[in-house]
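> Supplied in C-alpha cells, the structure appears directly below.
Rule-based calculations on the coordinates, nothing more; no lab input. Treat the numbers as computed from the prediction; the structure is a model and nothing was measured. Neighbour counts run over all protein chains shown; Cβ positions are idealised from the backbone, glycine included.
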C-alpha cells in the first residue's frame, strides 16, 4: 500500500507543480488544471483513495499506479 508522500512525489515527477501549501493541504497545478492535495504524507492509500486521486488528477487507476 503506497504512502501519500510516494504518490505525491510520482505526480510531481509527472509534471505537477506545488503552487502553495498550508498544513497538509497543497495546491498543485499542471497546465491549466488545478487540484488540491489534502492527504497527510504518512497516510496509507488503499484502492478507494487511489481511485479518488486518479479521478481528481485525470488519470486512470492503472496509470497512477505506473507513475
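> Applying the selection to the range 26-60, what residues are loosely packed, with under 13 Cβ neighbours inside 10 Å, over 11 Å from the mean Cα position of the chain (by Cα) and over 12 Å from residue 7 (Cα atoms)?
31, 32, 33, 34, 47, 48, 60
> So which residues in the range 13-25 are surrounded by 10 or more Cβ atoms within 10 Å (Cβ to Cβ) and out of contact with any strand residue (DSSP E or B) (no Cβ under 7 Å at 6 or more places or on another chain)?
14, 21, 24
> Follow-up question, since we're still on this one. For the range 18-38, does any single residue satisfy the condition of being at positive phi and free of Cβ contacts under 8 Å to residues at least 40 places away in the same chain?
As a first pass, look at the range 18-38 and keep what is at positive phi: 23, 31.
From what's left, free of Cβ contacts under 8 Å to residues at least 40 places away in the same chain: 23, 31.
Yes, the conditions are met somewhere in the range 18-38.
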